[in-house]
Amino acid sequence: MITAGVDVGTRFIKVALTDGASLCGFACAEMGPRFDAIIRSLLKETRCQAGVGRWGIRKIIATGFGGHLVKQAAFTLSEAACASRAAFFLAPNVRTVVDMGGLFITVSTLNPNGFLETARINERCAAGSGKFLEMVAEAVGVPFEQITFRASSSTNPYTFVSNCAVFAESEIISQINAGMKSEDVLAGTINAVVSKAASLLDGAGAQDDIALIGGLSTLPIVRQRLSELTGRNMLTLSVDAQAVAAFGASLLAQGKNATFRRRRKELKNGIPSLPWKI
Amino acid sequence: MIVAGCDVGSLTAKAYIMNEKGGLAGEIIPVQSTPTDSARRVMEKALKSARLNFSDLDVCCSTGYGRYEIPFAQMNMSEISCHGLGAFHVDSGIRTVIDIGGQDCKVILIDANGNVRDFIMNDKCAAGTGRSLEILARTIGVKLEELGRLAVKSKKPINISNKCSIFMELEVLGHLYARKKLKHIACGIADAVAKRVAALAKAIDVEDHVCITGGVSKNPGVVRQLAYHMNRTFKTLPVDPQIIGALGAACFAKKVLEGGGTS
């Protein structure tokens with residue numbers, strides 16, 4: 001059975017298709033006012049990738065900030081639930097999932113059966129979010145792909161005076177005018193973003209490897225700094241970091257316990273080695 | 001005796017010139033590249049409209065963010081004291097001043113002599129300041145000057161629950177995508193800013209009469225919603241509410257010239 005997950009984030013719309021065993025289609029496009037048409041075309045694109053016909057998708061679950069905007073969806077689920085399901089599916093011994101997206105940083109913890117235990121989100125303030133990094137990168141004129149390269153050459157990262165993302169933007173403009181190097185500003189911003197994630201991680205119990213997902217995690221410098229700051233290892237999942245939440249939604253659309261049934265069956269046949277007993 | 005006050009804020013620079021009888025000229029310009037530059041430009045403009053020269057000024061007092069960088073000012077005072085004294089000078093019945101500026105927002109309590117008794121200030125977060133209003137106006141594609149006029153047309157503001165300006169932007173976009181009427185969204189934006197200011201004012205004992213100063217006080221939508229949230233009416237000032245800071249600075253300069261000190 002082919003099912004789909006649609007993740008409408010604050011910056012991008014992601015669509016993933018699954019047959020219950022693997023990711024068989026993924027497409028991603030920027031969010032815009034004509035989101036309806038974007039979702040339709042993304043669904044079509046993924047259908048072509050998976051090689052299924054127009055009526056081939058049996059069920060769609062939406063997730064993300066704008067999940068309620070998806071008309072085709074049967075229902076919507078939280079990002080934390082979807083991301084943790086996908087992370088558990090791909091790496092069964094993961095207990096902590098950190099999703100660094102466009103505007104929200106979500107830290108979710110899983111119990112040994114793969115169910116979501118707690119989720120912590122930066123819901124009050126946009127300081128240290130992806131949008132903040134984007135605003136700074138735009139102000140210093142560095143494209144997203146070059147952030148890692150530029151920031152890693154910094155020797156003296158800038159420390160922000162103001163905590164607010166809006167004020168920080170005007171702060172860096174005056175700093176750049178005063179002759180501050182853009183490398184130092186970028187490195188300082190990365191530090192601010194990573195320390196925000198680390199402060200959310202403080203409350204999360206288990207001290208094992210972290211599955212780092214979301215658009216910001218595609219920057220190697222973010223992975224490296226977060227690993228340095230928390231002293232924990234960053235796992236890379238076998239699917240695109242942006243696709244994880246959408247993939248989780250599509251897995252959840254497979255049915256109540258389909259993924260768990262499959263895991264249990266694998267366990268019975270002794271295929272993977274899992275750290276717990278069922 | 002001719003005294004002047006110069007208020008260099010984050011978005012605009014204001015200058016006010018007065019003699020012993022009353023005000024001579026007041027000017028407002030957007031900020032230039034440096035505070036020094038802004039101060040000189042705005043003061044030149046004010047002097048020109050009062051038909052005076054720099055040499056005619058007896059004392060000039062500076063205030064605002066850039067107050068330490070103004071070469072022609074002999075003294076400086078904090079903007080809190082200046083807004084307090086300025087509002088008291090134009091209307092001696094005022095006991096509370098709510099100043100909503102470009103990058104901060106303050107509630108100032110003054111005593112019967114115009115001195116600051118207590119104040120509370122938010123300069124940590126952009127929510128509840130002119131900056132937030134500017135960002136949200138840009139999001140819906142309305143000019144900042146038109147936002148207030150649009151907002152007062154609506155009686156049903158949309159509810160914006162977020163506290164952070166960037167999250168508010170996202171929420172406003174959601175309402176825009178849902179094809180809500182622009183006037184209701186504009187009113188919701190004014191309402192969101194007013195809610196943050198009202199939350200700040202709740203932490204201090206506000207006394208009658210209350211007036212609003214600063215750039216945002218020119219937005220009728222914010223003023224209406226703030227009056228609603230604080231359940232109070234505001235006194236309208238006889239002068240431009242944006243220039244009160246510079247006016248207060250000029251009053252301090254006058255006090256010093258008369259030998260009374262700043263208190």
Task: Check on residue A:161, within 30 Å of residue A:18 (Cβ to Cβ), outside any helix (DSSP H, G or I) and either aliphatic (A, V, I, L, M) or not assigned by TED's automatic domain parsing to the domain that holds residue A:8 (or both) - done: no
Open item on the list: Tell me yes or no: at least one residue of the range A:107-125 is within 14 Å of another protein chain (Cβ to nearest Cβ) and either in contact with a strand residue (DSSP E or B) (Cβ under 8 Å, 6 or more places away or on another chain) or modelled with pLDDT of 85 or more (or both).
Closed with: yes
Open item on the list: Condition first: touching a Ser or Thr at 6+ places or on another chain (Cβ under 8 Å) and small (Gly, Ala, Ser). Now tell me which residues in the range A:82-117 satisfy that.
Closed with: A:83, A:84, A:101, A:102, A:108, A:114
- [ ] Could you identify the single residue in A:69, A:90 that is closer than 28 Å to residue A:122 by Cβ, touching a residue at least 12 places away in the same chain (Cβ under 8 Å), more than 14 Å from every other protein chain (Cβ to nearest Cβ) and surrounded by fewer than 22 Cβ atoms within 10 Å (Cβ to Cβ)?
- [x] A:90
Task: Lone qualifier among B:212, B:244 - being of a type in the set (A, V, I, L, M) and either in the same structural domain as residue B:47 (by TED's automatic domain parsing) or within 16 Å of residue B:85 (Cβ to Cβ) (or both) - done: B:244
- [ ] Would you tally the residues in the range A:53-62 being surrounded by fewer than 18 Cβ atoms within 10 Å (Cβ to Cβ) and hydrophobic (A, V, I, L, M, F, W, C)?
- [x] 1
Task: Only one of A:179, A:128 that is within 14 Å of chain B (Cβ to nearest Cβ), in contact (Cβ under 8 Å) with a residue 12 or more places away in the chain and at positive phi - done: A:128
TODO: Name the one entry in B:98, B:94 that is outside any strand (DSSP E or B) and buried (at least 19 other Cβ atoms within 10 Å of the Cβ).
DONE: B:94
Open item on the list: Filter the range A:107-128 down to the residues that are surrounded by 19 or more Cβ atoms within 10 Å (Cβ to Cβ), out of contact with any Lys or Arg (no Cβ under 7 Å at 6 or more places or on another chain) and hydroxyl-bearing (Ser, Thr, Tyr) and list them by number.
Closed with: A:108
TODO: Name the residue, out of B:127, B:87, that is touching a Pro at 6+ places or on another chain (Cβ under 9 Å) and either assigned by TED's automatic domain parsing to the domain that holds residue B:232 or modelled with pLDDT of 90 or more (or both).
DONE: B:87
TODO: Go through the range A:1-44 and tell me which strands (runs of 3 or more DSSP E), entirely inside it, have 3 or more residues that are among the small types (Gly, Ala, Ser) and surrounded by 15 or more Cβ atoms within 10 Å (Cβ to Cβ).
DONE: A:23-30
- [ ] Have a look at A:104, A:149 and point out the one that is away from chain B (no Cβ under 14 Å) and modelled with pLDDT of 85 or more.
- [x] A:149
Open item on the list: Yes or no: the range B:63-84 includes at least one residue that is in contact (Cβ under 8 Å) with a residue 40 or more places away in the chain, β-branched (Val, Ile, Thr) and not assigned by TED's automatic domain parsing to the domain that holds residue B:44.
Closed with: no
TODO: May I ask you to say which residue of A:166, A:161 is of a type in the set (A, V, I, L, M), within 12 Å of chain B (Cβ to nearest Cβ), closer than 24 Å to residue B:122 by Cβ and loosely packed, with under 15 Cβ neighbours inside 10 Å?
DONE: A:161
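The rows are residues; the columns are (1) closer than 22 Å to residue B:46 by Cα; (2) in contact with a helix residue (DSSP H, G or I) (Cβ under 6 Å, 6 or more places away or on another chain); (3) without any contact (Cβ under 8 Å) to a residue 60 or more places away in the chain.
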position: B:186; (1), (2), (3): no, yes, yes
position: B:220; (1), (2), (3): no, yes, no
position: B:242; (1), (2), (3): yes, yes, no
position: B:248; (1), (2), (3): yes, yes, no
position: B:251; (1), (2), (3): yes, yes, no
Task: Counted residues, the range B:157-183 - those being outside any helix (DSSP H, G or I) and of a type in the set (Gly, Ala, Ser) - done: 2
Open item on the list: Cβ-Cβ under 8 Å, sequence separation 6+ or interchain: first residue in the range B:157-177 and facing another protein chain (nearest Cβ under 8 Å), partner among the basic types (Lys, Arg). Which pairs?
Closed with: B:163/A:124; B:163/B:196; B:164/A:124; B:165/B:131; B:166/A:131
Task: Near pairs, Cβ below 6 angstrom, 6+ apart or cross-chain, from the range B:20-35 (β-branched (Val, Ile, Thr)) to any residue that is part of a strand (DSSP E or B) - done: B:28/B:12; B:28/B:14; B:29/B:13; B:31/B:13
Task: Residues that are more than 15 Å from the chain's Cα centre (by Cα) and within 13 Å of chain B (Cβ to nearest Cβ), drawn from the range A:1-37 - done: A:31, A:32, A:33, A:34, A:35, A:36, A:37
Open item on the list: Yes or no: the range A:200-214 includes at least one residue that is in contact with a Gly (Cβ under 9 Å, 6 or more places away or on another chain) and buried (at least 18 other Cβ atoms within 10 Å of the Cβ).
Closed with: yes
Open item on the list: I'd like to check something: does the range B:144-156 contain any residue that is modelled with pLDDT of 90 or more, outside any helix (DSSP H, G or I) and aliphatic (A, V, I, L, M)?
Closed with: yes
Open item on the list: For the condition outside any helix (DSSP H, G or I), over 18 Å from residue B:76 (Cα atoms) and in the same structural domain as residue B:84 (by TED's automatic domain parsing), what is the one hit in B:10, B:55, B:33?
Closed with: B:33
Task: Scan of the range A:73-116 for residues that are in a loop (DSSP other than H, G, I, E, B) and aromatic (Phe, Trp, Tyr), ordered by number - done: A:104, A:115
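The values are calculated or read from the model by the stated rules, or taken from the named source; none is laboratory data. Here the structure is a predicted model, which is why all the values come from computation and not from measurement. Here the Cβ is made from the backbone with ideal geometry for all residues, glycine too, and neighbour counts use every protein chain on show.
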